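Notes to accompany the following structure.
A short reminder: the numbers here are calculations on the coordinates, not readings from a lab. Only a predicted model underlies this, so the values are computations on that prediction, with no experimental measurement involved. Glycine also receives a Cβ, built like all others from the backbone with ideal geometry; neighbour counts cover every protein chain displayed.
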């Protein structure tokens, strides 16, 4: 099965129940409703997007934009849609979104045991630069810190993100 037709749009508070379904299916220590609400309503640096297939939320991603750096807070694709290229396209979209907003670099943390995510991030230009010991609260697993340079919002990227459909 190939990439399903997907679209990206900004997340809003009404999306939280659907996002929570993706979150709970994806993580052992999922965020709760209040965490997403606080990010959407109270965090001036936060930008969250949903990934939709046929008007259903199948994934989401979030980042903080601070000066010229973008910090990916979370990214998740529902298990039913993994392995079909959705995560790959979502990372491309998120990088273009951050670049267009003026970010020059992007960072994230990933579990040291999450080899498949690390593989995707490396494919997207991220390199490991350090470790945060005991970062994850559910089992005190270490987090690998990864960084990527962004190419500054080229015309090609800008045209890609102006049309949210894939």
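Going by the structure shown, is residue 70 in contact (Cβ under 8 Å) with a residue 60 or more places away in the chain and touching a helix residue (DSSP H, G or I) at 6+ places or on another chain (Cβ under 7 Å)? So residue 70 fits the description; yes.
Answer yes or no: is there a residue in the range 64-73 that is surrounded by fewer than 22 Cβ atoms within 10 Å (Cβ to Cβ) and either under 10 Å from the mean Cα position of the chain (by Cα) or assigned to a helix (DSSP H, G or I) (or both). So that I can check it myself, show each step before the final result.
Narrowing the range 64-73 to residues surrounded by fewer than 22 Cβ atoms within 10 Å (Cβ to Cβ): 64-69, 71, 73.
Those left that are additionally either under 10 Å from the mean Cα position of the chain (by Cα) or assigned to a helix (DSSP H, G or I) (or both): 71, 73.
Within the range 64-73, one or more residues are surrounded by fewer than 22 Cβ atoms within 10 Å (Cβ to Cβ) and either under 10 Å from the mean Cα position of the chain (by Cα) or assigned to a helix (DSSP H, G or I) (or both).
Taken over the range 125-147, residues that are surrounded by fewer than 16 Cβ atoms within 10 Å (Cβ to Cβ) and touching a helix residue (DSSP H, G or I) at 6+ places or on another chain (Cβ under 6 Å) amount to 0. The set of residues in the range 7-26 being outside any helix (DSSP H, G or I) and touching a strand residue (DSSP E or B) at 6+ places or on another chain (Cβ under 7 Å) consists of 7, 8, 9, 10, 11. Tallying residues that are loosely packed, with under 15 Cβ neighbours inside 10 Å and either in a loop (DSSP other than H, G, I, E, B) or in contact with a helix residue (DSSP H, G or I) (Cβ under 6 Å, 6 or more places away or on another chain) (or both) within the range 27-63 yields 10. Look at the range 117-139: where a residue is more than 18 Å from residue 69 (Cα to Cα) and a partner is part of a helix (DSSP H, G or I), sitting 6+ places away or on another chain with Cβ atoms under 9 Å, you get 117/87; 120/87; 120/88; 120/91; 123/88; 123/91.
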